[in-house]
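Below: the structure, in structure tokens.
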Amino acid sequence: MKLVLLQDVAGQGKKGDVISAADGYARNYLIPRGLAAVASKGKMAELSVQKEAAEKKSQKVEEVARELAARINGLTVSIKTKSGEGGKLFGSVNNKDVAGALAEQHKIIVDKKKLVLKEPIKQLGTYKVTAKLHPSVQAEINVEVVGV
């Protein structure tokens, strides 16, 4: 039986996929639980419209990410913090601090989860932080850690 998956099903496929399943499995498990629907002409047309809409939305999100990357690529953010002997910090600078400084100094809001630090910054100096704004879009921010 040909079915259109309405949700992701382990071992069968992802939402929107057209699959072939045994009649009993389809009638007794997939359809009653709302995981799949019979692949009729109407369902297939609806599926293609949904895929087009999702593709347009994805392109729009990527375009916005590219614009943001162009704005923040190469920006320098200065973070002032207390330090001890040899430029060692009391505590550390993490992605939350970088996101806050970026919003405060340049009025650009980036989610802290999108900023990638290999490890927290524990020394004074200048560091490069990567912002993964989209799976195919990245930007680099220069972070200058200055002692107070």
For residues that are touching a strand residue (DSSP E or B) at 6+ places or on another chain (Cβ under 9 Å) and either assigned by TED's automatic domain parsing to the domain that holds H134 or on the phi > 0 side of the Ramachandran plot (or both), tally how many sit in segment 9-58. 2
For segment 79-121, which residues satisfy the criterion of being assigned to a helix (DSSP H, G or I) and either modelled with pLDDT under 90 or under 14 Å from V146 (Cβ atoms) (or both)? E85, G86, G87, D97, V98, A101, Q105
Check off (1) out of contact with any helix residue (DSSP H, G or I) (no Cβ under 9 Å at 6 or more places or on another chain); (2) farther than 30 Å from K107 by Cα; (3) among the hydrophobic types (A, V, I, L, M, F, W, C) for L68 and give me the number that stays unchecked. (2)
Given (1) over 19 Å from the mean Cα position of the chain (by Cα); (2) under 30 Å from G13 (Cα atoms); (3) surrounded by 11 or more Cβ atoms within 10 Å (Cβ to Cβ); (4) not hydroxyl-bearing (S, T, Y), A54 misses just (1)
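The values are calculated or read from the model by the stated rules, or taken from the named source; none is laboratory data. All values derive from a computational prediction rather than experimental measurement. Methodologically, a virtual Cβ is constructed for each residue, glycine included, from the backbone with ideal geometry; neighbour enumeration extends over all protein chains shown.
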